[in-house]
Amino acid sequence: MDHRIIDQQLDHLRDKILLLGGATEQAVQRAMQSLVERDSELAKQVLEEDKIIDQMELEIDRLSIEIIALQQPAAHDLRFVISVAKITPILERIADHAGSIAEAAIILNNEPHTKNYVDFPIMAQTATEMLRSALDAFTSEDAALSREIIERDRLIDEAYRRVFSELLEMMIDNPAATTGAAHLLFVAKHLERIGDYVKDICELNVYLREAAFIKHRYGSPTPPSE
Amino acid sequence: MQTKISISNLDFFYGKVQALHGISLEIPEREVVAFIGPSGCGKSTFIRTLNRMNDTIPGARVEGEVIIDGENIYAAGTDVVALRRKVGMVFQKSNPFPKSIFDNVAYGIKINGIHSNKTDLKDRVENALRNAALWEEVKDRLNMSAFGLSGGQQQRLCIARALAVEPEVVLMDEPASALDPIATQKIEELVVELKRNYTIVIVTHNMQQAARVSDRTAFFMLGKLIEFNRTDKVFQNPDEKLTEDYITGRFG
């Protein structure tokens with residue numbers, strides 16, 4: 001059958017989550033821009049737009065539940081709806097982290113410039129690229145790409161450790177810079193968390209494609225279903 | 001998991017028309033197995049091969065084996081009456097005898113001479129009605145005609161009638177398709193309850209019903225077994241694309 005009733009709703013759901021993904025990606029990118037370019041107006045815009053993202057999350061929740069209740073999806077349809085319902089709050093949380101970065105930016109922009117932000121743009125770029133690729137992998141249901149992206153999270157973790165030591169040294173060497181450094185530390189932590197969340201999205205991409213949960217697999221096999 | 005029924009390379013013909021093609025499948029003891037598939041896919045024909053209900057159809061022919069508890073039920077000399085006692089059946093349309101509620105259930109016990117005396121007969125009837133979750137509703141009107149019962153009650157009476165002769169396997173061919181949602185729910189609860197003591201095979205057009213009640217699901221198409229898997233697997237991630245297309249409504 002070419003046109004099932006459910007298809008239209010699934011397409012609608014796909015459009016909605018991709019819009020949410022795009023808005024989230026933009027929030028992260030703009031939050032970092034507001035920090036690096038000391039643009040507090042842009043930071044305020046990020047915070048303002050977070051409300052729209054929250055509304056998008058609610059709308060996707062509503063639609064996902066409606067499809068489950070009325071269409072009783074099975075097999076791939078079911079995995080798709082479940083993946084969307086689980087990815088949506090992850091995107092919303094990533095956007096929250098972007099909001100927190102924007103808040104930090106507003107504070108830091110009122111302080112003297114304490115550090116050149118070399119590692120931050122790299123971390124942010126890696127995080128946003130990972131996010132964009134994760135959403136691409138979701139759309140194309142590419143499990144191999146998703147696994148590659150999961151590996152890339154390591155780069156963010158390494159950058160975080162580097163930034164952490166640098167900022168710690170800075171605080172010791174220059175106590176006057178402690179406030180700024182502390183806020184930057186939070187920014188680094190937010191970026192590190194975004195990397196983790198992107199990883200979670202990729203794990204759900206693998207579930208969508210392969211019906212397998214690769215989360216929490218620390219080398220041990222998943223318990224058999226029988 | 002112990003196999004109750006083992007089917008291998010089963011072909012079935014209505015005269016020259018082949019309705020089943022090389023079906024092989026193992027039905028575990030005390031589990032519910034659901035057969036699903038589009039109309040005419042052979043699932044009803046197949047369930048009827050499991051107690052030789054197709055024998056009476058002129059020109060019908062079976063090749064291959066159906067082994068129940070180690071014995072091929074198509075072997076020469078098989079006692080078909082004993083087979084059908086062991087492998088009971090409930091049909092889509094409830095078909096009570098034009099008798100009292102009591103006599104409907106007692107009938108099979110009597111003709112098979114299962115009971116030892118009148119008290120034993122009464123006990124067996126009560127037991128069967130209890131197992132079919134009907135006792136509480138009919139215990140005060142056992143001598144009234146079965147036709148006075150509702151559709152759902154009549155279907156449970158037929159289940160009680162099937163259980164009365166102490167079968168080990170119960171075949172159900174669309175047992176709830178003519179019932180309203182509440183009666184359907186009762187039948188479904190009963191199916192899940194019965195698997196503690198019986199092996200159950202159920203044919204259903206209602207895929208959600210198969211998902212709700214069965215442990216394993218077999219998907220048939222054009223007389224072939226396309227997939228046989230655990231039900232959770234079939235409805236979440238079937239191995240075969242045809243199965244996926246069917247359960248997600250992509251057929252047309």
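Of the conditions (1) under 15 Å from the mean Cα position of the chain (by Cα); (2) among the aliphatic types (A, V, I, L, M); (3) part of a helix (DSSP H, G or I); (4) modelled with pLDDT under 95, residue B:182 clears all except one; give me its number.
(1)
Of everything in segment B:104-124 that's charged (D, E, K, R) and without any contact (Cβ under 8 Å) to a residue 12 or more places away in the chain, which residue is surrounded by the fewest Cβ atoms within 10 Å (Cβ to Cβ)?
B:118
How many of the residues making up segment B:53-102 are touching a residue at least 40 places away in the same chain (Cβ under 8 Å), under 19 Å from residue B:124 (Cβ atoms) and among the charged types (D, E, K, R)?
Qualifying residue count, segment B:53-102: 3.
Read through the list (1) more than 15 Å from residue B:219 (Cβ to Cβ); (2) more than 16 Å from the chain's Cα centre (by Cα), then give the number of the only condition that residue B:38 fails.
Unmet condition: (1).
Taking segment A:1-18 as the region of interest, how many residues are within 14 Å of chain B (Cβ to nearest Cβ) and either outside any helix (DSSP H, G or I) or without any contact (Cβ under 8 Å) to a residue 40 or more places away in the chain (or both)?
Total satisfying the criteria: 6.
Out of all the residues in segment A:19-77, which are away from chain B (no Cβ under 14 Å), within 30 Å of residue B:234 (Cβ to Cβ) and crowded, with 19+ Cβ neighbours inside 10 Å?
Scanning segment A:19-77 gives A:60, A:63, A:64.
Could you grab the pairs with beta carbons closer than 6 Å, sequence gap of 6+ or different chains, first residue in segment A:156-172 and assigned to a helix (DSSP H, G or I), second one modelled with pLDDT of 90 or more and acidic (Asp, Glu)?
A:156/A:192; A:160/A:192
Identify the residue in segment A:136-155 that is of a type in the set (Gly, Ala, Ser) and in contact (Cβ under 8 Å) with a residue 12 or more places away in the chain and, among all such residues, is surrounded by the fewest Cβ atoms within 10 Å (Cβ to Cβ).
A:143
Every residue in segment B:238-252 that is surrounded by fewer than 20 Cβ atoms within 10 Å (Cβ to Cβ) and touching a residue at least 12 places away in the same chain (Cβ under 8 Å), please.
Listed by number, the residues that qualify are B:239, B:240, B:242, B:251.
Among (1) away from chain B (no Cβ under 14 Å); (2) closer than 23 Å to residue A:193 by Cβ, where does residue A:83 come up short?
(1)
If a residue has to be more than 21 Å from residue A:193 (Cβ to Cβ) and at pLDDT 90 or above to count, how many in segment A:149-170 make the cut?
Count: 1.
Does any residue of segment A:102-116 turn out to be surrounded by fewer than 22 Cβ atoms within 10 Å (Cβ to Cβ), more than 29 Å from residue A:170 (Cα to Cα) and away from chain B (no Cβ under 14 Å)?
For segment A:102-116, residues surrounded by fewer than 22 Cβ atoms within 10 Å (Cβ to Cβ), more than 29 Å from residue A:170 (Cα to Cα) and away from chain B (no Cβ under 14 Å): absent.
Any idea which of B:219, B:235 is within 14 Å of chain A (Cβ to nearest Cβ), surrounded by 21 or more Cβ atoms within 10 Å (Cβ to Cβ) and not in a helix (DSSP H, G or I)?
Answer to the selection: B:219.
Quick check on my filter: what residues within segment B:238-252 are in a helix (DSSP H, G or I) and aromatic (Phe, Trp, Tyr)?
Passing the criteria: only B:246.
If you scan segment B:94-136, which residues turn out to be over 18 Å from residue B:155 (Cβ atoms) and among the acidic types (Asp, Glu)?
Of everything in segment B:94-136, those that are over 18 Å from residue B:155 (Cβ atoms) and among the acidic types (Asp, Glu) turn out to be B:120, B:123, B:126.
Answer yes or no: is there a residue in segment A:64-85 that is under 30 Å from residue A:105 (Cα atoms) and either in a helix (DSSP H, G or I) or over 19 Å from the mean Cα position of the chain (by Cα) (or both).
No - not one qualifying residue is present in segment A:64-85.
Give me a count of the residues in segment B:197-210 that are free of Cβ contacts under 8 Å to residues at least 40 places away in the same chain and either away from every other protein chain (no Cβ under 14 Å) or not in a loop (DSSP other than H, G, I, E, B) (or both).
Residues flagged as free of Cβ contacts under 8 Å to residues at least 40 places away in the same chain and either away from every other protein chain (no Cβ under 14 Å) or not in a loop (DSSP other than H, G, I, E, B) (or both) within segment B:197-210 amount to 1.
Among (1) surrounded by 19 or more Cβ atoms within 10 Å (Cβ to Cβ); (2) at pLDDT 90 or above; (3) small (Gly, Ala, Ser), there is one condition residue A:182 misses while meeting the rest; what is its number?
Evaluating residue A:182 over (1) surrounded by 19 or more Cβ atoms within 10 Å (Cβ to Cβ); (2) at pLDDT 90 or above; (3) small (Gly, Ala, Ser) leaves (1) as the failure.
If you go through segment B:238-252 one residue at a time, how many are of a type in the set (D, E, K, R), within 24 Å of residue B:19 (Cβ to Cβ) and facing another protein chain (nearest Cβ under 7 Å)?
Counting residues in segment B:238-252 that are of a type in the set (D, E, K, R), within 24 Å of residue B:19 (Cβ to Cβ) and facing another protein chain (nearest Cβ under 7 Å) gives 0.
Residue B:193 passes all but one of (1) surrounded by fewer than 16 Cβ atoms within 10 Å (Cβ to Cβ); (2) within 14 Å of chain A (Cβ to nearest Cβ); which number fails?
(2)
Looking at residue B:20, is it in a strand (DSSP E or B), surrounded by 15 or more Cβ atoms within 10 Å (Cβ to Cβ) and under 19 Å from the mean Cα position of the chain (by Cα)?
Considered against the rule, which asks whether it is in a strand (DSSP E or B), surrounded by 15 or more Cβ atoms within 10 Å (Cβ to Cβ) and under 19 Å from the mean Cα position of the chain (by Cα), residue B:20 comes out as yes.
If I ask for residues that are part of a loop (DSSP other than H, G, I, E, B) and under 21 Å from residue B:32 (Cβ atoms), which ones from segment B:44-91 would you list?
Within segment B:44-91, B:50, B:51, B:69, B:73, B:91 meet the criteria.
Among the residues of segment B:222-232, which ones are surrounded by 17 or more Cβ atoms within 10 Å (Cβ to Cβ) and either at the interface with another protein chain (Cβ under 9 Å from one of its Cβ atoms) or of a type outside the set (Val, Ile, Thr) (or both)?
Selection gives B:223, B:225, B:227, B:228, B:229.
Could you check residue B:19 against (1) over 18 Å from residue B:225 (Cβ atoms); (2) at pLDDT 95 or above and say which number it fails?
Every condition holds for residue B:19 apart from (1).
The values are calculated or read from the model by the stated rules, or taken from the named source; none is laboratory data. What you are looking at is a predicted structure, and each value in this text was computed from that prediction instead of being measured. Because the Cβ atoms are built from the backbone with ideal geometry, glycine has one as well, and the counts that use them run over all protein chains shown.
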